[in-house]
Each structure stands twice: as structure tokens, then as C-alpha cells.
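K.L.:
Here it is, the structure in full.
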Amino acid sequence: MNDLLTRDMLVKWAPLIVLIVLVLMFALIEPRFFSVRNFARIGISSAPALMVAIGVTFIIIMGSIDLSMEGTVSVCAVAFAFCFLALGGTLWSAAWLALPLALVVGAVIGLINGLVHVKLKIPSFMASLAMGFVGTGFALLLTGGDRVRIEDEAFRSLLTVRWFNFPIMCYVALAFLLIAWFIQTRTTLGRNFYAVGGGEELAHASGLNVNRVRVLGFMLAGVFYAVGALLAVGRIGIAETATGSNFMFVSITSVVVGGTALWGGIGGVFNTLIGVLIVNVIGNGMVVVGLPGYVQDGVLGLLVIIAVVLSTDRKSVDFVK
Amino acid sequence: MYELRQVDKKFPGVHALKSIDFKIGRGEIVGLVGENGAGKSTLMKVIYGAYQPDGGTITIDSVAVRFQNPRQAMQKGIGMVFQEQSLITNLTVMENIFLGYEQQFVKFGVVNWKAMAAAARAQLAKVKLDIDPNMITAKLSFAQRQLVELAKVLTLEERVDGDLVILLDEPTSVLAKEEVELLFRLVRELTTRASFIFVSHRMDEVLELSDRIYVMKDGEVVDVVSAADANVDAIQHKMVGRDVDKQYYREQKQEPYDADRTLASFDAVSLGKKYRDISFDLRAGEVLCLVGTEGSGREAILRTVFGLETPDSGSVTLKGEEVRAFTARSGVEKGVGYVPRERKVEGLVGGMNVYENMTLSQMRRYSTAGVLRLGEERQLARDWIDKLSIKTPSEHKDCGGLSGGNQQKVVLAKWRSGGSDIILLDHPTRGLDIGAKEDVYDMVRAMSADGVGILLVADTLEEAIGLSHTIIVLKDGEVQHRFDCAPGAKPTLYDLVHYMI
């Protein structure tokens, strides 16, 4: 019992400890790392990734997986950019409607994703992977391979205007993190995610509509991907097919490193926050210290394996497929 | 030749085998009978090497042996034919027969399939099964698969010097009558090659096939009879004979039920092979117990009431309304609560805490537009923790960390707090210690007093008799008999067993 307790505590606090150790380590090697300017940089690179990772966190808590984020982010970004330009090209006109529209696009893609998974009974990883490719292809079809520039100052203020040294997009990301936390802890939907992930049979036997929960989960994830897309466009001022690239690896790595269990039921959005920060601190820290980019990927890969090893109770798992 | 002497096996809290003496001679067929939980399966596991005994000796031809695992037992000629079919259905018959022993057909890392097929055919000939060994196992009937399993165990003959002992665990449970006869004839012929230990719930089959019969009860061998002198009645008495304490089952608190208020009723309901033509009424305050062996249809009936199974014919009525859509959701809405046997799988979500588990089936009642009212949830949990004296530090405790009895109370609280008044209890006391069992019995009586109708599948026959107002005995999915169990006029164990097997 005592053993279990310490193990549980370790698993619970390990991500935060890792984050703190990493920050201290980089700060010791290179004092420039430990500056508000640099933390703001980490914040900027983390914000879109955090949104995408929160989306997939809900899915992973349900014990499923969603790999459609890259395609979804691209489609949402491109759809937003076209609408935004068509409706006036500045936030001080009807063009602001493009913001909610992007969220709706994300939700619709999530809905299709969820329905394909639940109704056609295709495993979630396959259904979402396929949807992701469809999304990427669709985004390419819309843009014809061009980049769409968003130069509206009001929209770019997400990056350019800073409060207390941090750009507005960091605060937007923080606000959506709180919304996600509210959904996770205070709504029936959030509770249902845990129930489905912790015991699907039981959730069913308690009268929950498990399929409905799953579809809603994918929709919710789609909305968060769309928020991630908006922040990504705000960061570089460009929407293109490649806007979504690399989000899959970063978001799933973050969720796992943050301590959310891949088989569902355990973890949450704050774990994901820590995970995203760990991933971005490593990325940023290595650049600041002066290590080449390929070392980053290697270190992240190792970190994922360590995180899963730590969070798996191997006694209770017989075989892994 | 194979002998166990004073073999003991203990698990935490349970003395599973108490000084067992057991022996089997060359070419003998030995039957093993006993109630659920009497220790049959533990004994078998000791014999085929899955468990190591804590005390006593195992000898083969007077040489002491000790098996660390089933493979070592197999090397000494002890094989097991499993009750749940253990063949891998997507492999071919011959691959299954030689699974784990393919090396003999391998040359330079390549399998000689022709040689394996020929060897498999020789094995299949022993059990008189004329099928292509290249067939995918999934295409075989259950009876054929049972024979393939037997053939697989018989490969020991070539690999092992000395005699074979083969355990047959409920081999007839999935077979039709003619197939059973075929199997028995085959087993008798095979006694030239091996000795058999035969375990079955069906007394008539054990009597028919065995030369000698071991009767087990509470982890002890209470009798050994030779088939010639065996008498079904005497064996059944020995299997169940036990002192029953009326206090223990709270018989003094058993009140008559409200015969005018029917909560649930079945009218000639049938479901595939699971049960046929079942009719009963469950009244307010009644404890109705379904008694039968494993696979007699008890669980399927519970699952139908809850809506997890859809019957083929007949009508199910809950609170005066006929059920049309069989889903768990509609069951819950009608006020049915299901306390399943596997608490860990279907009873509680591990990782969720006490109040989250309690409101899982009724979240709509504790939320406004999807937003939960946590304060009310916690209050509800605290009330029920008091009411059922659940031992937990707080309502925030992860349910996985509670003891079995307290977990069971949380599951009951989940349904009762939601106002469920038809409660289905499937082995509610399984795996609980005596104190926790008594708590559950108290709760059953308290629920009856509140006018709840309880459909019970009990862990033991005594429990069934002690707790219930009415007992329905099932066998092979059909009602055999119905007993009224008013306090003081309860049927005896023997009355029940008589209809069960």
C-alpha cells in the first residue's frame, strides 16, 4: 500500500519535477535562457500547440486517439484566412465572423471524424488518420499551394501587443485552458470522458450513451484544434497547407509526457499544460544552448518512452498490441 | 501411480485446500464433484502445475515431484483440456496441436508443413477426428474443437516417457447429447493410453463415466466412492451438507412482500440458447433468487431485465409498462439498478472517486445545462456514506483504494440514491469477508423494507435460501421448480440441488 502511494505520487508529480529540473538545467548552462524575453518566446511557441494538445487530451482520456489534428488545423486556418479576407480583411469589420466560423469548421470536421469512428466502427486512430489526410488534401485544394497572408494589425496584435511582456495569444491560450479545465471538472461531458476511458462497459451499464460521448469528444477536440489554428495563423501571419504540420508529434508527445495515460481514464488538461511546456522548453533550451535540431527530436522521443514507462503499471497489463 | 498426499493451499483469507489426499491409477477415470467454491479448480490447478501447494507432497510412481509451471507438469505427462476452449481460432488445426512444440518439424529455420500435417493427422486419428489438419480452427464446431484439444494433449504420449494423466474440465458444457456420448466412448477407449480426471457439474455424467468419484466441500475431500456403490442422493448430501445459521442471513428481519405491487414481470420470455419460456413476477419488497449452475441462464435473465440483452420472444414488463427498447439507458430510466459480479469491470470506474462513481448513472439530476453542481454531488455522497456506514476517509477517495465490501456499498449507493427500486444483484458477496457479507445482508433487508424488489443470483445456496422470499431453480435455461421461502418454512439445500443437477 505504501509502495503504491509513493508510486502514485511520483507518477502524479514527475512531469512538474521534470519541467522544473529542465528549466534549472538550461538556466545553469546558459543564463540567457532564464529571462522574461525567452520565457515569452517559449509562451509563443507553446500557445498553439497547447490548444491542439488539449483537444487530443480529451480524446486520449476517453481511451481513443485522434490523429487528424494536422489536417484539421490546416483546413481551419485556410478557411479562416479566406473568409477573413473576403469579409473585409480586418477585425473591425464583418470579418470577425471568420473567427467563430473557424471554430465551427473545426467542430464539423470533429463531428465527421467521430461519426466515421462510431457509426462505421473504424478504430479511432485509423478513422482520424484518414480524416487528417483528407483535411490536408482539402486545404491544398483550397489554396492551390499558395500562402494566404493575413496582415490585419488588429488580428496580428495577438502576437504584437504585449501585456506584462507576454503577447496576447498567451492569455488567449490561458483562457481556453481554463475553459477546458472547466469542461473537464465541472460538466457532465467531462465526467463522461473519464467514465468511458476508465470503464466503457460500466459507463454503458450505467446508462450512458457512450457513442454520443465519443462523437461529442471529437467535436470538442475539433474546436480546440481550430483555436490552435487561429493562434498559429496569428503567430506567423500566414495560413497555408503547412500550417498544421508537426502538430501531431508535438501534441501527442506533450499529452503523454504530461502524464495522461494512453489507455484512458487518467490525466487532464493541466497535465497537458506541463507536457507542452516540457516539450517547448527542451526545444527552446537546446537552441539557446546551441545544440542542433536533430538532437531535440531524439531527446523528445526518449522522453516519450520514459514517460510511458513511468506511467504504466506493467503488472496489470499482460500484452500490448 | 499419480498421488497427492496432504496437499494444502492457502490464499490470503482463504484456506482453499485442506490436506487433500488424492490418487489415480493407470487407466482409471476419476470424477471430481463439488459446489462452486468447494476447491475443485484450485485442486486442478495444483495438479497441472499452475499453482504450487503450500504443504504436502505430489508423487508420480512414488517419486516426489514439484512443478513450477504447467509446462513442467506436461513434461511429466500431465495435460489439461480447458473448459474455455484454449485453441487459437485464427491458426490451423495442426498449428494449434503443436503450438509451442514446432521445433521438431523445423530444419534450417524452415517449418516442414507436410511433416507437421502428417503428425497432426496421426494425433487426430487417436480421437477419431477425420478433418484436414490445414483447416482454420474457427471453422470447426465446438465438439470438433473439444476433440482437437484432446488430440493436442495426447501429443504428450510421444513426448513423455511414462503414463499420462489428462484433466477434463467441464468438457461437456458446450456439447449436445450425442456429442457427449461420443466423447465418453472415446475417453473410455483412450484409457489404454492415459488416465483421466473428469470434472463436471452434471452428476449423471460423472456417475456414468467415472470409476471412482471424489466429493469436495469447503476445500476438503469429504468422500471417495466407487462408481458401483455411488448414489446420487448420498453424493449430493455430502456436497452441500453444512450447518445454516438463521441469524446470519437476517431471517428474523424477513418481512412478507407486497403482493399487490408488481415491479417487474416476465411472461414466457426466451432468449436464444440462454433461456427459454421464463415467467415470473417480482413484487415490491420481494427478494427473488434465481438458482442454478453456471450457464443455467441466471445472469442472462438479469441482463435482460436491465436491458443489456434483447429477448427473442415473450414480454417483459417493468412497472406496468411493457419494455420495447432493450437498452441500458431505458433500464436505468425505469429505475433498474444492476450490481454486477465483476465489481472492477462493471461496478466501479477505478480512478474515479466516491462521489463521481455514485452519480455516474444520474448525472443529469446533478447538472444544469451540462454543468455539474459539485456541492450537491458531494452532499449526496456524504449522506450515503453515513447511511451505509461506508468506510472511506472522504468522498474524494479513489474507489479503487476501498475494500471490497465498501466498494460494493458504493455500487449499491449509486443505484439507491438514484431512486432505483428494482435492484439486480449478481453474486453481491463474492470475494467479501464475513463481516462485509453481513453488511450486504443487512442492506438487502433494509432495501426490502423500503419496498425495493430484488432479483438475486447468490454466491452460495445457503445464501439463496437464507435471503430470499422466492426461489426459482433453473437448469439449462428452463425453470425447474419454484419455492416459497417464508421464514421457518424454507426449503433445504437438498431440495434445491435435486432440481439443479
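The values are calculated or read from the model by the stated rules, or taken from the named source; none is laboratory data. It should be emphasised that the depicted structure is a prediction, and the values quoted were computed from it without experimental measurement. Here the Cβ positions follow ideal geometry from the backbone for every residue, glycine too, while neighbour counts run over all protein chains shown.
K.L.:
Check B:260, B:267, B:277 and return the single one that is in contact (Cβ under 8 Å) with a residue 60 or more places away in the chain, more than 25 Å from residue B:492 (Cβ to Cβ) and outside any loop (DSSP other than H, G, I, E, B). Don't jump to the end; show me each part of the working.
P.N.:
Numbers: B:260 fails: in contact (Cβ under 8 Å) with a residue 60 or more places away in the chain; B:267 fails: in contact (Cβ under 8 Å) with a residue 60 or more places away in the chain.
One residue alone meets the criteria, B:277.
K.L.:
Also: Tell me, which residue of the stretch B:99-129 that is in contact with a helix residue (DSSP H, G or I) (Cβ under 7 Å, 6 or more places away or on another chain) and within 23 Å of residue B:183 (Cα to Cα) is surrounded by the most Cβ atoms within 10 Å (Cβ to Cβ)?
P.N.:
Kept after step one, since they are in contact with a helix residue (DSSP H, G or I) (Cβ under 7 Å, 6 or more places away or on another chain), are these residues of the stretch B:99-129: B:105, B:111-112, B:115-117, B:120, B:123-124, B:126-129.
Next cut, within 23 Å of residue B:183 (Cα to Cα) only: B:120, B:123-124, B:126-129.
Details: B:120: 27, B:123: 23, B:124: 24, B:126: 17, B:127: 22, B:128: 12, B:129: 20.
For the stretch B:99-129, the residue satisfying everything is B:120.
K.L.:
Sticking with this one: Looking at A:308, A:304, A:287, which one is surrounded by fewer than 21 Cβ atoms within 10 Å (Cβ to Cβ) and free of Cβ contacts under 8 Å to residues at least 40 places away in the same chain? Outline the logic, then answer.
P.N.:
Numbers: A:308 fails: free of Cβ contacts under 8 Å to residues at least 40 places away in the same chain; A:304 fails: free of Cβ contacts under 8 Å to residues at least 40 places away in the same chain.
Every option except A:287 fails the conditions.
K.L.:
Let me ask something else. I'd like to know if the stretch A:111-118 contains one or more residues that are closer than 21 Å to residue A:220 by Cβ and in contact with a Ser or Thr (Cβ under 6 Å, 6 or more places away or on another chain).
P.N.:
Keep residues of the stretch A:111-118 that are closer than 21 Å to residue A:220 by Cβ, which gives A:111-118.
If we keep only those that are in contact with a Ser or Thr (Cβ under 6 Å, 6 or more places away or on another chain) as well, we get A:113, A:117.
The answer is yes; a qualifying residue exists.
K.L.:
Within the stretch A:133-154, is even one residue under 22 Å from residue A:272 (Cα atoms) and either more than 14 Å from chain B (Cβ to nearest Cβ) or among the aliphatic types (A, V, I, L, M) (or both)? Walk me through how you get there before you give the answer.
P.N.:
Initially, the stretch A:133-154 is screened for residues under 22 Å from residue A:272 (Cα atoms), giving none.
Checked against the condition, which is being under 22 Å from residue A:272 (Cα atoms) and either more than 14 Å from chain B (Cβ to nearest Cβ) or among the aliphatic types (A, V, I, L, M) (or both), the stretch A:133-154 yields no hits at all.
K.L.:
Go through the stretch B:348-427 and tell me which helices (runs of 4 or more DSSP H), entirely inside it, have 3 or more residues that are in contact with a Lys or Arg (Cβ under 9 Å, 6 or more places away or on another chain), at the interface with chain A (Cβ under 9 Å from one of its Cβ atoms) and among the β-branched types (Val, Ile, Thr). Show your work before the answer.
P.N.:
Numbers: elements: B:354-358, B:374-387, B:404-417.
Per the criteria, no element qualifies.
K.L.:
Please give the helices (runs of 4 or more DSSP H) falling wholly within the stretch A:194-259 in which 2 or more residues are surrounded by fewer than 23 Cβ atoms within 10 Å (Cβ to Cβ) and within 14 Å of another protein chain (Cβ to nearest Cβ). Full working, then the answer.
P.N.:
Details: elements: A:200-205, A:210-236, A:247-257.
So the answer is A:200-205, A:210-236.
K.L.:
Scan the stretch B:57-98 for residues that are part of a loop (DSSP other than H, G, I, E, B) and either surrounded by 14 or more Cβ atoms within 10 Å (Cβ to Cβ) or of a type in the set (Asp, Glu) (or both) and jot them down.
P.N.:
Narrowing the stretch B:57-98 to residues part of a loop (DSSP other than H, G, I, E, B): B:61-62, B:66-69, B:76-77, B:82-91, B:98.
Correct list: B:61, B:67, B:76, B:77, B:82, B:83, B:84, B:85, B:87, B:91, B:98.
K.L.:
Identify, please: which residue in the stretch B:298-314 is of a type outside the set (A, V, I, L, M, F, W, C) and surrounded by fewer than 23 Cβ atoms within 10 Å (Cβ to Cβ) and is, among those, farthest from the other protein chains (Cβ to nearest Cβ)? Spell out how you get there, then give the answer.
P.N.:
From the stretch B:298-314, those of a type outside the set (A, V, I, L, M, F, W, C) are B:298-299, B:303-304, B:307, B:309-314; that's our starting set.
Filter once more, so that each one left must be surrounded by fewer than 23 Cβ atoms within 10 Å (Cβ to Cβ): B:299, B:303, B:309-314.
On the way: B:299: 13, B:303: 9, B:309: 12, B:310: 14, B:311: 18, B:312: 22, B:313: 24, B:314: 23 Å.
Filtering first and then ranking leaves B:313.
K.L.:
Consider residue B:331 carefully, then state whether it is outside any strand (DSSP E or B), crowded, with 16+ Cβ neighbours inside 10 Å and more than 14 Å from every other protein chain (Cβ to nearest Cβ).
P.N.:
Details: outside any strand (DSSP E or B): yes; crowded, with 16+ Cβ neighbours inside 10 Å: yes; more than 14 Å from every other protein chain (Cβ to nearest Cβ): no.
No: the conditions fail for residue B:331.
K.L.:
Has the stretch B:317-326 got any residue that is closer than 20 Å to residue B:298 by Cβ, crowded, with 16+ Cβ neighbours inside 10 Å, at the interface with another protein chain (Cβ under 10 Å from one of its Cβ atoms) and at pLDDT 80 or above?
P.N.:
Within the stretch B:317-326, none of the residues are closer than 20 Å to residue B:298 by Cβ, crowded, with 16+ Cβ neighbours inside 10 Å, at the interface with another protein chain (Cβ under 10 Å from one of its Cβ atoms) and at pLDDT 80 or above.
K.L.:
If residue A:221 passes every condition in (1) under 30 Å from residue B:412 (Cβ atoms); (2) in contact with an Asp or Glu (Cβ under 8 Å, 6 or more places away or on another chain); (3) in contact (Cβ under 8 Å) with a residue 60 or more places away in the chain but one, which one does it miss?
P.N.:
Here residue A:221 clears every test but (1).
Residue-by-condition table, conditions (1) among the β-branched types (Val, Ile, Thr); (2) not assigned by TED's automatic domain parsing to the domain that holds residue B:72:
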position	(1), (2)
B:163	no, no
B:170	no, no
B:187	yes, no
B:251	no, yes
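K.L.:
Can you spot a residue in the stretch A:158-166 that is among the polar types (S, T, N, Q), part of a helix (DSSP H, G or I) and surrounded by 15 or more Cβ atoms within 10 Å (Cβ to Cβ)?
P.N.:
So in the stretch A:158-166, the residues among the polar types (S, T, N, Q) come out as A:160, A:165.
When the remaining residues are screened for being part of a helix (DSSP H, G or I), the result is A:160.
Filter once more, so that each one left must be surrounded by 15 or more Cβ atoms within 10 Å (Cβ to Cβ): none.
Checked against the condition, which is being among the polar types (S, T, N, Q), part of a helix (DSSP H, G or I) and surrounded by 15 or more Cβ atoms within 10 Å (Cβ to Cβ), the stretch A:158-166 yields no hits at all.
K.L.:
Tell me, please, whether a residue that is basic (Lys, Arg), away from every other protein chain (no Cβ under 11 Å), closer than 21 Å to residue A:92 by Cα and touching a Pro at 6+ places or on another chain (Cβ under 9 Å) can be found in the stretch A:157-165. Please lay out each step first, then the result.
P.N.:
The initial filter retains those residues of the stretch A:157-165 that are basic (Lys, Arg), namely A:162.
Subset that is away from every other protein chain (no Cβ under 11 Å): A:162.
The next check asks that each one be closer than 21 Å to residue A:92 by Cα; those that pass are A:162.
This time we only want the ones that are touching a Pro at 6+ places or on another chain (Cβ under 9 Å), so: none.
Among the residues of the stretch A:157-165, not one is basic (Lys, Arg), away from every other protein chain (no Cβ under 11 Å), closer than 21 Å to residue A:92 by Cα and touching a Pro at 6+ places or on another chain (Cβ under 9 Å), which makes the answer no.
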